[in-house]
Amino acid sequence: MGDLTSIHGAAAALTPVDGTDLRKTFAYFPSAVVALCARLGGTPHGLVASTFVPVSLDPPLVSVCIQYSSETWPRLEQASRLGLSLLSSDQESAARGLSSKRGDRFRGVELRGGNGNAAFVAGATAWLETSVYEQVPAGDHAVVLLRVHRVGVSPESEPLVFHRSDFRALSGKSIEAQLNSA
């Protein structure tokens, strides 16, 4: 590929990769924050993923990446339907709670039911009712393809994003709108 230093300066020099460097590099890529939830035996189970990607329109598929070390995924993958909630910018506390390894993950989180076992976080930006379509091994994660059965959106709400290892909100304005108002 060549030497990037001639294009972007010394800061762009490439170095061999290890897990720590890769994690730091991935932190520069903003990603959606989604909650994947279901009620099993009347008990809510859920996790937060920041590796949500739309995959296909036909069939309707999205993907999330789940660490093999997850203690929650083995329960969730048994659900007939899973609720995927794209968290809104005012749901950082829900994101932190649902991603916690201890305590009541659902304290302060209002859930709404869907078909089958699907559970959705109230107040989210968008909701997708899904089922497991396929799981593909990928290093220390599984890429989980989810078939989308039903969707809903809250167009007035802004999504929560994960960027530089922290939760953030978008400005809500397009670049063009920001330039026009300056």
Original post:
In nm, to one decimal, how far is the residue 102 label point from the residue 150 one, both placed 7 Å along Cα→Cβ?
Top reply: 3.8
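Under the 0.36 nm per residue contour assumption, what length would be gained going from the current alpha-carbon distance of residue 115 and residue 70 to full extension?
Details: separation 45, 0.36 × 45 = 16.20 nm, distance 2.45 nm.
Using 0.36 nm per residue and subtracting the Cα-Cα distance, I get 13.7 nm.
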Original post:
Where nothing but the Cβ of Lys and Arg (+1) and of Asp and Glu (-1) is charged, how large is the charge dipole of the stretch 68-114 around its Cα centre, in debye to the nearest 20?
Top reply: 140
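Give the relative contact order (percent, whole number) for the stretch 88-138; include only Cα pairs under 8 Å separated by 6+ residues.
Working: 34 pairs, mean separation 12.8, N = 51.
This gives 25 percent for the stretch 88-138.
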Subject >> Computed over the stretch 28-138, Kirkwood Rh from alpha-carbon pairs, angstrom >> reply: 14.1
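Sorted by average packing, counted as other Cβ atoms within 10 angstrom per residue and highest first, what order do 46-53, 98-105, 31-38 take? Mind showing how you got there, number by number?
Numbers: 46-53: 20.4, 98-105: 13.1, 31-38: 24.9.
Top to bottom by mean Cβ count within 10 Å: 31-38, 46-53, 98-105.
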Original post:
How large are Rg and Dmax for the stretch 83-156 when only the alpha carbon atoms are used, in Å?
Top reply: 13.6, 38
Original post:
By per-residue mean of other Cβ atoms within 10 Å, what is the highest-first order of 86-93, 129-136?
Top reply: 86-93, 129-136
Subject >> Calculated Rg and Dmax of the stretch 58-106 using C-alpha coordinates, Å >> reply: 12.8, 40
Original post:
Rounded to whole Å and sorted largest first, what semi-axes of the equivalent ellipsoid does the C-alpha gyration tensor of the stretch 30-80 yield via the square root of 5 times each eigenvalue?
Top reply: 21, 14, 10
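Every number here is computed from the coordinates shown, using simple stated rules; none is lab data. Note that the coordinates shown come from a computational prediction; the quantities given were computed from them, not determined experimentally. Neighbour counts are summed over all protein chains in view; Cβ atoms, including those assigned to glycine, are modelled from backbone coordinates with ideal geometry.
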